[in-house]
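One structure is given below, encoded as structure tokens.
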Amino acid sequence: MVIKALHHMQNRSVRLRAIVRTVLLTLIVVIPALFSAYCYVHRDRIFPERGTIVLYGRETCGITRMVRDGLSAKGIPYLFADVNIAAINDELRYKLGPKFNEPRYTYPVVHVGGRILLTPTADQVLKVLSAEQAAKERDYATFLQGADPVPHY
């Protein structure tokens, strides 16, 4: 009887160790691998190139729809990010930064180059995009002339 109880405890211990090993393997290997794959697939939105427009909003938001239609009508390419997805909402919070203390804001939020615009019109987005492109061209021309580049602020 005692031997049977010891054998039962050993089997239980082996199963518990297997469960702990599986959980640790999941935490250490699988979750970071999935996160890396997610970042790679969505790298254009998470880490956009200069001049890329990322429009954060909701599919059902009327103002977001107006800005999207305005950008499409002007032929301006953009990436749409639906904030109803938790990872995208976290991404937007990260881009707004810890100093952004507005308790509520309306959508869309547009990321153009290094700037964040809150509820802009399509014309305002186009204006910022044009300024980004002009700054890039100005820096290149200044570089070719051998002078110091003009700061972007």
Would you please give the FRET efficiency between ARG93 and ALA134, computed as 1/(1 + (r/R0)^6) with r the Cβ-Cβ distance and R0 = 22 Å, to the nearest 0.05?
0.10
Per the 1.4 Å probe, what fraction of the accessible area of region 52-101, in percent, lies on carbon and sulfur atoms?
55
Compute the length gained on full extension between TYR105 and LEU16: take 0.36 nm times their separation in residues and subtract their Cα-Cα distance, giving the result in nm to one decimal.
27.2 nm
Calculated FRET efficiency for the pair CYS61/SER36, C-beta based, R₀ 35 Å, to 0.05
0.65
What list of ³J(HN,Hα) values in whole Hz, one per residue of region 82-87 in order, does the Karplus curve 6.51 cos²θ - 1.76 cosθ + 1.60 (θ = phi - 60°) give from phi, with Gly and Pro shown as x?
7, 6, 5, 7, 4, 5
Given charges of +1 on the Cβ of Lys and Arg and -1 on the Cβ of Asp and Glu, with all other atoms neutral, how large is the dipole of region 51-98 about its Cα centre, in debye to the nearest 20?
140
Scan region 51-118 for trypsin sites (Lys or Arg not before Pro) in coil per DSSP, keeping those whose Cβ has at most 13 other Cβ atoms within 10 Å, and list them by number.
LYS74, LYS99, ARG104
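The values are calculated or read from the model by the stated rules, or taken from the named source; none is laboratory data. Bear in mind the structure is a predicted one, so any value in this text is a computation, not a measurement. Backbone-built Cβ (ideal geometry, glycine too); neighbour counts: all protein chains shown. Ligands, DNA and RNA are excluded from the accessible area calculation, which covers all protein heavy atoms including side chains. Shrake-Rupley method; radii C 1.70, N 1.55, O 1.52, S 1.80 Å.
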